[in-house]
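The values are calculated or read from the model by the stated rules, or taken from the named source; none is laboratory data. Model, not experiment: these values are computed from the prediction. In this analysis, Cβ positions are derived from the backbone assuming ideal geometry, glycine residues included, and neighbour counts consider all displayed protein chains. For accessibility, only protein heavy atoms count, side chains too; no ligands or nucleic acids. Shrake-Rupley method; radii C 1.70, N 1.55, O 1.52, S 1.80 Å.
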Amino acid sequence: MSVPSEPAGRIPRSQLVVDLVLAGVFALVCLPFSLHASAAGLLPLVAYTAALGVRRLRPDLSLALAWAGALLTMGLMLPPALADSAVLGVLYASSAHGSRRVRWAGLASAVLGAVAAAVYLGVVQLGLVTDGAPQSGLGMLMWGTLVFIASVSLFALAWTAGLVVRTVRASRAAKRNEELARRDRTLAEYRMVVEQERSRIARDMHDVVAHSLAVVIAQADGARFAAAAKPEAAVDALGTIAGVARGALGDVRMLLAELRHDEGGAPQPVIEDLELLLDQLRAAGLDVRAETHGDPVELPTGHQIAVYRIVQEALTNALRHGDTEEPVELRFDWDGAGVSVTVASALKEDGRQPGPPGALRHGIPGMRERAQLTGGTLHAEPAGGRFVVRARIPARSGRQPA
């Protein structure tokens, strides 16, 4: 039988105080019964009381004291008393709180104690003669057998109860440790996903800033050459420079904490590229129904990339994990301050969110991070049998430099 062992002597002080108080109460209750036949009954009572007091602090010492109390009872030829019931508590504690050695010593004590009780009560206490007539050997054997069966049943029951409690306690501790470990792994995984997403966003923004600076340089050169011949063209060029620089400034603010250098890469998708994305998903079997409300406003390139990536991830999750037999609603609500994007897809028949219970969904942290870097927000949760992703992307970044 494989049961985890626990170190003895490491219990809270309050628990030890409770054990000592209960042992004292036990002694007071048993005192009249122990002194009823003889004053010598006080000796085993003291041993039993001490055994109960240290049963969780020192299960090995408690077992030894219980044996001392039993041997004193038999040595002094005392009749059974209420104090003898302390043996049950000691056997329970040896199994529930003792080390492997003490636990098996408790089981051996249960068997040997039952034999000792049978001999003592069946032979010594019953007596060899009754009313001057010898007691038959068969009668003593039957009485001793009954005492043995009763004793070993009680002792084994107390020991087994302790073992069961120990096993349940160990199982609960293992579950708690497993839950803590799972939580730590989930947190580490979440941080890794966020860091990976930030690196990918940094690469996206690198292209945006490079593009913006190229436009600014080209417009500035054109304005410089056109200033003398066509002043109005120079004014237009300066307006373009101001708009592009303003958008690039918002992108740079988002990158101050997480900008990473990486070479190459294809041009990043923007809102105008969503039609191609929707066509690809529809060809893959996803019925996407897009709606646009309000008048679109100009978004910085980085914000457009965020909108594209959020829509892409939400629709990809719907294709992979949702019920593709039902249509997916894609809605854009524009106003002067930005755009609100809603993607609602039907859950599968079991009504669960994508992925196994408690599993981290890698796409959601990435979408949330993209929205937050633009100064926006994102919420993703099941509602009414559908999984709904709501993102708010402002026209201008609200983040401030770190």
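Quick notes on this structure:
- Scope the stretch 294-353; condition touching a residue at least 60 places away in the same chain (Cβ under 8 Å) and β-branched (Val, Ile, Thr); matching residues: 297, 301, 305, 307, 310
- Just one of the listed residues (294, 264) is at pLDDT below 90, over 28 Å from residue 190 (Cβ atoms), of a type outside the set (Lys, Arg) and surrounded by fewer than 20 Cβ atoms within 10 Å (Cβ to Cβ), and it is 264.
- Hits in the stretch 70-96 (condition: open to solvent by less than 20 Å² (accessible area, probe 1.4 Å) and over 47 Å from the mean Cα position of the chain (by Cα)): 73, 78
- Residue check for residue 402: at pLDDT below 85 and either outside any loop (DSSP other than H, G, I, E, B) or among the small types (Gly, Ala, Ser) (or both): yes
- Residue satisfying condition, being within 43 Å of the chain's Cα centre (by Cα), modelled with pLDDT of 90 or more and open to solvent by 50 Å² or more (accessible area, probe 1.4 Å), within set 104, 67: 104
- If you go through the stretch 270-291 and pick out every residue that is within 22 Å of residue 372 (Cβ to Cβ) and open to solvent by 20 Å² or more (accessible area, probe 1.4 Å), you end up with 2.
- The set of residues in the stretch 318-342 being in a strand (DSSP E or B) and closer than 28 Å to residue 396 by Cβ consists of 329, 330, 331, 332, 333, 334, 335, 338, 339, 340, 341, 342.
- Answer residue from the stretch 343-397, given it is of a type in the set (Gly, Ala, Ser) and assigned to a helix (DSSP H, G or I) and is modelled with the highest pLDDT among those: 371
- Selected residue (criterion: most open to solvent (accessible area, probe 1.4 Å)) from residues of the stretch 46-64 that are in contact with a Gly (Cβ under 8 Å, 6 or more places away or on another chain) and not in a helix (DSSP H, G or I): 58
- Residue check for residue 181: of a type in the set (A, V, I, L, M), modelled with pLDDT under 90, closer than 21 Å to residue 98 by Cα and open to solvent by less than 60 Å² (accessible area, probe 1.4 Å): no
- Among the residues of the stretch 31-45, those that are under 11 Å from residue 69 (Cβ atoms) and open to solvent by less than 70 Å² (accessible area, probe 1.4 Å) comprise 34, 41, 44, 45.
Each row is one residue, and each column tells you yes or no for (1) at pLDDT below 90; (2) more than 49 Å from the chain's Cα centre (by Cα); (3) closer than 18 Å to residue 162 by Cα.
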| site | (1), (2), (3) |
| --- | --- |
| 40 | yes, yes, no |
| 45 | no, no, no |
| 48 | no, no, no |
| 53 | no, no, yes |
| 58 | no, no, yes |
| 61 | no, no, yes |
